[in-house]
1. Of the conditions (1) within 22 Å of Ile167 (Cα to Cα); (2) within 11 Å of the chain's Cα centre (by Cα); (3) at pLDDT below 90, Arg59 fails just one. Which one is it?
2. Among Lys39, Lys54, Lys27, which is under 27 Å from Val114 (Cβ atoms) and either at pLDDT below 95 or within 22 Å of the chain's Cα centre (by Cα) (or both)?
3. Within region 134-162, can you find the residues that are of a type outside the set (Phe, Trp, Tyr) and under 16 Å from Ser115 (Cβ atoms)?
4. Here are Ala97, Ala110, Ala101, Ala117: which of them is in the same structural domain as Asp172 (by TED's automatic domain parsing) and on the phi > 0 side of the Ramachandran plot?
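The values are calculated or read from the model by the stated rules, or taken from the named source; none is laboratory data. From a predicted model like this one, the values you see are computed outputs, not experimental measurements. Here the Cβ positions follow ideal geometry from the backbone for every residue, glycine too, while neighbour counts run over all protein chains shown.
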Amino acid sequence: MKTLKITCKMCRREGVSLCGREKCAVKRRPYPPGVHGPKGSGRQTDYAKQLREKQKAKRLYGVNEQQFRNYFKKALNMKGDSGENLMRLLEMRLDNAVYRAGFAKSRPMARQAVSHAHVSVNGKRVDIASYMVKSGDVIQIREQKRQKGLWKTLADDLQKKEGPSWISVNADALEAKVTSQPAAQDMLQPFDAKLIIEFYSR
């Protein structure tokens with residue numbers, strides 16, 4: 001499936017940086033794009049609030065509408081809180097795990113690394129960004145890719161970065177092990193998952 005390209009216009013529309021760029025436009029112009037400028041669009045309806053939260057999550061994780069709806073359906077069929085289930089499914093995508101481990105500076109960069117076959121899972125090449133990792137999986141930058149581009153200095157960068165509790169990183173081996181599923185404190189994001197569940201449950 002075609003992945004969603006994040007633009008700074010989207011970041012400004014949602015009011016948060018989704019693109020991962022250090023010089024994201026939302027930091028300079030923290031209001032929606034358009035001729036109305038910083039005046040805003042007035043009071044939002046409940047539907048509009050739910051829609052914006054859904055769009056924010058979709059764009060942050062780089063998934064299209066059909067993928068996102070499928071995650072919602074799967075979250076409903078899982079035990080526990082549907083909002084947390086949805087967040088957990090998004091977090092356990094391979095591209096997000098690569099980003100969380102510190103192997104990439106942004107999710108779009110992580111998605112590109114996966115799609116260009118720079119990453120292996122349990123020793124096997126995986127080039128599908130939506131691949132779902134699970135506890136015990138070992139994610140690694142492939143041996144033949146390590147001396148190219150940004151990977152050359154990655155080990156040094158990883159020494160300075162603290163990853164989430166559900167991923168254990170071996171900086172020298174450019175390796176990350178998924179030790180558990182993400183806990184609630186590991187899934188804090190600038191959107192409300194409950195409003196997303198309400199949006200699809202209408």
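1. Against the list (1) within 22 Å of Ile167 (Cα to Cα); (2) within 11 Å of the chain's Cα centre (by Cα); (3) at pLDDT below 90, Arg59 comes up short only on (1).
2. On the way: Lys39 fails: under 27 Å from Val114 (Cβ atoms); Lys27 fails: under 27 Å from Val114 (Cβ atoms).
So the residue among Lys39, Lys54, Lys27 that is under 27 Å from Val114 (Cβ atoms) and either at pLDDT below 95 or within 22 Å of the chain's Cα centre (by Cα) (or both) is Lys54.
3. Residues of region 134-162 that are of a type outside the set (Phe, Trp, Tyr), as a first pass: 134-150, 152-162.
Result: Ile139, Ile141, Arg142, Lys145, Lys148, Gly149, Leu150.
4. On the way: Ala97 fails: on the phi > 0 side of the Ramachandran plot; Ala110 fails: on the phi > 0 side of the Ramachandran plot; Ala101 fails: on the phi > 0 side of the Ramachandran plot.
That would be Ala117, the only listed residue that is in the same structural domain as Asp172 (by TED's automatic domain parsing) and on the phi > 0 side of the Ramachandran plot.
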